[in-house]
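Bear in mind that the values in this text are calculations on the coordinates, not laboratory data. Everything quoted here is computed from the prediction, not taken from an experiment. Glycine gets a Cβ as well: all are built from the backbone with ideal geometry, and neighbour counts include every protein chain shown.
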Amino acid sequence: MKALVYHGAGNKAWEEKPKPVILKPTDAIVKILKTTICGTDLHIMKGDLPEVADGRIIGHEGVGIVEETGSAVSNYKVGDHVIISCVTSCGKCENCKKGMYSHCADGGWILGYMIDGTQAEYVRIPHADNSLYPIPAGSDEEALVMLSDILPTGFECGVLNGQVKPGDTIAIIGAGPVGMAALLTSQFYTPAEIIVIDQDDNRLAVAKTFGATHIINSASENAVEQVMALTNGKGVDTAIEAVGLAATFELCEEIVAAGGHIANIGVHGKSATLHLETLWSKNITITTRLVDTVTTPMLFKTVISKKIEPKKLITHRFRLDQVIEAYDTFGNAAKEKALKVILTNE
Ligand SMILES: NC(=O)c1ccc[n+]([C@@H]2O[C@H](COP(=O)([O-])OP(=O)(O)OC[C@H]3O[C@@H](n4cnc5c(N)ncnc54)[C@H](O)[C@@H]3O)[C@@H](O)[C@H]2O)c1
Ligand SMILES: [Zn+2]
Ligand SMILES: [Zn+2]
């Protein structure tokens, strides 16, 4: 089969790889129908996650058809259409029982990271019973790709950890697909003001159509001054970091209100400075989280009922064998006016 393979920072190739096989009775082999590229994949390609091995197939999102099941898989059979969760979980270990699938004793985020991923014609999914979600016949499968990662990530790491409440003023730093997912799902809780900050005017304009009440381009404006002007000098109740840079985390530290929350989502390759000299007395909470995907079944219902329409995040479509071109498009999002790219295995 063909797959997108990582060969160290800055190097990737679409090349021949062996088709995956069942290694454990709890595995399933899934034929990819649709997959996509995540900001985290860009971090991997940049070399921010040097633990990724040369030769690894990248990708942790997608929908597909079950091709083969191990003898212990009971929830799925050959031919079932499924959503692949970015997080693999056994559902049985201590952390899984706490709902912390991201730290499953035999899983967590491993797909397209520690084991081969979904930017390929086929993928092996360990603990298939707990790591796949069924797709009812007739569903819009493109929209459901957004449930593999970005929707649960924006919601769990940003909105839930940030404790967004009715009437709050929140800021989302980063208007990529993950920031947009936080923007969409924050509105379950009716915050009064949603300030979205990015450096990409196109993405900021899209954020407005998705419910942002204010947008700030931090490349051309002073974001701290703007946020303070919008909040009567108080700052925001919740600052959601959805970029993964020291500068944007430190921006959150500057704009959080007394008693507020900083909810980090971004994958960070470098350290950020914690300004305790200003924050020690501000009663703030800082949270970090690897997405657990425990809210996927709930979010699935909101997508099916069109309470949220993540399909609107899709800007570009490619064939799976055009994945290198798709990386160029997603990696040059401002120029290409790109948000989520969909790759179809035809
Ligand atoms: N915690 C988790 O479990 C988890 C899961 C998925 C993704 N992530 C992370 O979430 C982050 C966002 O993912 P994405 O797919 O939306 O990525 P993305 O690269 O598409 O989006 C990042 C956005 O940040 C903006 N940006 C870059 N530098 C900026 C700056 N200095 N100031 C303001 N904005 C700036 C970019 O214009 C872009 O719109 C990434 O760091 C990704 O690795 C974390
Ligand atoms: Zn991801
Ligand atoms: Zn587990």
Quiz item: If you average the sequence gap of Cα pairs under 8 Å that are 6 or more apart and divide by the length of the range 153-287, what percent do you get for the contact order?
Solution: 25 percent
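Determine the dipole magnitude for the range 235-303: charges of +1 sit on the beta-carbon of Lys and Arg, -1 on that of Asp and Glu, nothing else is charged, the reference point is the Cα centre, and the result goes in debye to the nearest 20.
On the way: 4 positive and 7 negative charges, 53 e Å.
About 260 debye.
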Exercise. Quick one: what are the phi-derived ³J(HN,Hα) couplings along the range 79-85, Karplus 6.51/-1.76/1.60 with θ = phi - 60°, whole Hz, x for glycine and proline?
Key: x, 5, 8, 9, 8, 8, 6
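Taking only C-alpha pairs under 8 Å that are 6+ residues apart, what is the relative contact order of the range 285-346 in percent? Each step should come with its number before you reach the end.
On the way: 50 pairs, mean separation 19.9, N = 62.
Across the range 285-346, relative contact order equals 32 percent.
Tell me, what is the FRET efficiency for residue 271 and residue 31 to the nearest 0.05, using R0 = 41 angstrom and their Cβ-Cβ distance as r? Don't jump to the answer; show the numbers that get you there.
On the way: r = 41 Å, r/R0 = 1.00.
Given R0 = 41 Å and the Cβ-Cβ separation, E is 0.50.
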Practice problem: Count charges around residue 290 for me, please; just the other residues with Cβ under 13 Å from its Cβ, Lys/Arg as +1, Asp/Glu as -1. | Solution: -2
Quiz item: What are the residues whose amide H is under 5 Å from the amide H of residue 256, where those residues sit 5 or more places off or on another chain and H is modelled from the backbone?
Solution: 236
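Dipole magnitude of the range 153-287 about its Cα centre, charges +1 at Lys/Arg Cβ and -1 at Asp/Glu Cβ only, in debye to the nearest 20?
Values: 6 positive and 14 negative charges, 50 e Å.
So the dipole magnitude of the range 153-287 works out to roughly 240 debye.
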Self-check item: Helix-only mean residue ellipticity at 222 nm for the chain, each DSSP H run of n ≥ 4 adding -39500 (n - 2.57), per residue, nearest 500
Solution: -6000 deg cm²/dmol
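Relative contact order for the range 1-128: what is it in percent, counting Cα pairs under 8 Å that are at least 6 residues apart?
Numbers: 311 pairs, mean separation 41.1, N = 128.
Value for the range 1-128: 32 percent.
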Quiz prompt | Karplus 3J(HN,Hα) series, Hz, for the range 39-48 with 6.51 cos²θ - 1.76 cosθ + 1.60 (x for Gly, Pro) | solution = x, 5, 5, 5, 4, 4, 5, 6, x, 5
Practice problem: Work out how much length residue 9 to residue 287 would gain on full extension: take 0.36 nm times their residue separation and subtract the Cα-Cα distance, in nm to one decimal. | Solution: 97.2 nm
Exercise. Return the long-range amide H neighbours of residue 284 (sequence gap of 5 or more, or a different chain), with a cut-off of under 5 Å between placed amide H atoms.
Key: 259
Self-check item: Farthest positive-ward along the chain dipole, Cα basis, beta-carbon charges - from 271, 214, 150
Solution: 150
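With respect to the cross-link table entries 301/340; 46/234; 98/301; 2/24; 31/270; 31/311, which display a Cα-Cα separation exceeding 29 Å?
Checking Cα-Cα distances, 46/234; 31/270 exceed 29 Å.
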Quiz item: Rounded to the nearest 20 Debye, what is the dipole magnitude of the chain about its Cα centre when Lys and Arg each give +1 and Asp and Glu each give -1 at the C-beta?
Solution: 640 debye
Quiz item: For the range 214-219, what does the Karplus curve 6.51 cos²θ - 1.76 cosθ + 1.60, with θ = phi - 60°, yield as ³J(HN,Hα) per residue in whole Hz, taken in order and with x for Gly and Pro?
Solution: 9, 10, 10, 8, 6, 7
Quiz item: How much net charge surrounds residue 151 when only other residues with a Cβ under 12 Å from its Cβ are counted (Lys, Arg +1; Asp, Glu -1)?
Solution: 0
Quiz item: For the range 276-336, what does the alpha-carbon gyration tensor say about shape, rounded, prolate or oblate, given a ≥ b ≥ c as the root eigenvalues, a/c under 1.5 as rounded, and a/b over b/c as prolate?
Solution: oblate
Quiz item: Once a ≥ b ≥ c are taken as the square roots of the eigenvalues of the Cα gyration tensor of the range 153-287, is the result rounded (a/c under 1.5), prolate (a/b larger than b/c) or oblate (a/b not larger than b/c)?
Solution: rounded
Exercise. Name the long-range amide H neighbours of residue 80: under 5 Å, sequence gap of 5 or more, or other chain; modelled H, no Pro or chain starts.
Key: 66
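Give me the number: length gained by fully extending residue 245 to residue 19, i.e. 0.36 nm times residue separation minus the C-alpha to C-alpha distance, one decimal in nm. Could the numbers behind the result be given before it?
On the way: separation 226, 0.36 × 226 = 81.36 nm, distance 3.62 nm.
Full extension of this stretch gives 77.7 nm more.
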